[in-house]
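The next block holds one structure in the form of structure tokens; read it before the comments.
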Amino acid sequence: MTAQEFVPPDADLEQLRAAAAGCRGCDLYRDATQTVFGAGPGEARVLVVGEQPGDQEDRRGEPFVGPAGRLLDKAMVEAGIDRDLVYVTNAVKHFKFTLPERGKRRIHKTPSRTEVVACRPWLDAELDAVGPELVLCLGATAAKSLLGQGFRVTQERGRLLALPDRDGVRVMATVHPSSVLRARNREEAYRGLVTDLTAAAHALR
Ligand code: URA
Ligand code: SF4
């Protein structure tokens, strides 16, 4: 399984977005509403990578527009990261979920390693098209997609690293905003996210 054959070569973001709408690189397109491609300026200095679209993103076709996105926006403002400089996307572009019972809310399921690897050509194409200085990985799925299966966010969060295979591009992993929303001590988890994002913002100056 791979998205590779669906990715047009040397395409700009609009061409990529149009092509991604028809991707069948793995089975996740079957049950999801639509492909949720990245969003933001093509000349963004920062590229943020989440896990996969959530329920609201799946319905609206835009990344980070639900509760996790609102928390991320707030944390970025506090960290001094200008949202106009940021392109946001996900490691996997279709929503993976289970339907527990009829009429119940769809429940997010973590994408498998196979699905993350299958979707990676879209992320590479976005990195090529945007050419960011800094990549921010939110949570383990994004971090493992770009930094390898052995990467541990809990141990290496907040560190500025070199992005493999891309000269001069830096990368930082931090926690996913959804994990902040689920944390027992939500305020502490939120402060930790803002601390990491602030360190990332300093790297841009
Ligand atoms: N969580 C993500 O990882 N990405 C989104 O777009 C929304 C929620
Ligand atoms: Fe293609 Fe990624 Fe969607 Fe799978 S999740 S169908 S690889 S866009």
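Please treat every number below as a calculation from the coordinates, not as lab data. The structure displayed is predicted, hence computed values, not measured ones. Methodologically, a virtual Cβ is constructed for each residue, glycine included, from the backbone with ideal geometry; neighbour enumeration extends over all protein chains shown.
Just want the ordering: His202, His108, from fewest to most Cβ atoms lying within 10 Å of their own Cβ.
Listing His202, His108 from fewest to most nearby Cβ atoms yields His202, His108.
Quick check on the chain: take the gyration tensor over C-alpha atoms, sort the square-rooted eigenvalues as a ≥ b ≥ c, and tell me if it's rounded (a/c under 1.5), prolate or oblate.
Because a/c hits 1.5 or more and a/b fails to exceed b/c, the chain counts as oblate.
Of all GluC sites (Glu not before Pro) in region 69-177, which ones are in loop regions per DSSP and have a Cβ with at most 12 other Cβ atoms within 10 Å?
Those satisfying the criteria are Glu101.
How high is the relative contact order of the chain? Use alpha-carbon pairs under 8 Å, at least six apart in sequence, and give a whole percent.
23 percent
What residues have an amide H closer than 5 Å to that of Val135, excluding those fewer than 5 places away on the same chain, when H is modeled at 1.01 Å from N in the peptide plane?
Under 5 Å from the amide H of Val135: Leu47, Arg170, Val171, Met172.
So which aspartates and glutamates pass the test for Lys93, namely a Cα distance under 16 Å, with those fewer than 8 places away in the same chain ruled out?
Glu5, Glu14, Asp27, Asp31, Glu51, Asp55, Glu57, Asp58, Glu62, Glu115, Asp124, Glu126
Let me know the shape class of region 1-119, please: from the alpha-carbon gyration tensor, a ≥ b ≥ c as square roots of the eigenvalues, rounded when a/c is under 1.5, otherwise prolate if a/b is greater than b/c, or oblate.
Because a/c hits 1.5 or more and a/b fails to exceed b/c, region 1-119 counts as oblate.
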